[in-house]
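Below you'll find the structure, written out as structure tokens, and then a few comments.
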Amino acid sequence: TERNLHTAREHCLAPLAAMDSTAASAMASALSKASAAPPDVRLAYGTAGFRGEASLLPAATARCGALAALRSREKRGAATGIMVTASHNPVQDNGVKLADPSGAMMAAAWEPLAAQLANARGDAALAEALQAVPWEGAATAAPRVFVGRDTRPSSEGLTAGGAGG
């Protein structure tokens with residue numbers, strides 16, 4: 001829900017030297033309340049990001065929003081991006097991919113983190129995934145994330161979830 005995404009955003013903005021267990025648990029709870037990962041589905045993050053039937057992507061998109069914000073903080077507030085699109089796939093499909101501050105695809109080392117977050121079932125698994133995120137820079141910088149989308153019917157809702165994450 002909108003309120004839970006707002007709570008997740010607040011936890012992502014809190015000054016941290018590292019994602020401690022309390023912050024990770026609070027952020028995980030807010031993200032899982034906003035949108036649960038679909039049961040019996042494993043999403044894989046590849047060159048094209050996450051791709052699949054759009055109804056399976058709300059949790060992944062919200063969690064990608066959180067990861068993009070954490071990546072921005074790790075890069076000292078440099079802007080990152082989320083793109084919701086599945087350009088040449090059938091209209092019922094969609095996708096989400098992340099961009100680094102350079103505009104290139106998200107660093108390959110972060111792809112397993114995206115998959116771990118998207119597939120986490122329950123608060124404990126989500127908190128564990130959040131604690132795996134590296135904090136190599138000044139993690140106190142305010143994150144900046146740009147969000148884009150295509151014109152598919154599902155893109156507006158998925159984009160809102162990504163922006164809220």
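Some points to look at:
- Filtered residues of the stretch 111-165 (kept if open to solvent by less than 50 Å² (accessible area, probe 1.4 Å), more than 19 Å from M27 (Cα to Cα) and assigned to a loop (DSSP other than H, G, I, E, B)): G137, A138, D150, R152, S154
- Within the stretch 49-107, no residue satisfies the criterion of being of a type in the set (F, W, Y) and at positive phi.
- Per the conditions (1) within 15 Å of the chain's Cα centre (by Cα); (2) at pLDDT 85 or above; (3) open to solvent by 50 Å² or more (accessible area, probe 1.4 Å); (4) not β-branched (V, I, T), the sole criterion not satisfied by D40 is (1).
- Residue match in the stretch 56-70 (condition: at pLDDT below 90 and within 15 Å of the chain's Cα centre (by Cα)): no
- For I82, the conditions (1) open to solvent by less than 60 Å² (accessible area, probe 1.4 Å); (2) not in a strand (DSSP E or B) are fulfilled apart from (2).
- Flag not set for S25, criterion: part of a helix (DSSP H, G or I), at pLDDT 80 or above and crowded, with 21+ Cβ neighbours inside 10 Å.
The values are calculated or read from the model by the stated rules, or taken from the named source; none is laboratory data. This structure is a prediction, so every number in the text was calculated from the model and none was measured. Using ideal geometry, Cβ is built from the backbone for each residue, glycine included, and neighbour counts are taken over all protein chains shown. Side chains included, ligands, DNA and RNA excluded: accessible areas come from the protein's heavy atoms. Shrake-Rupley method; radii C 1.70, N 1.55, O 1.52, S 1.80 Å.
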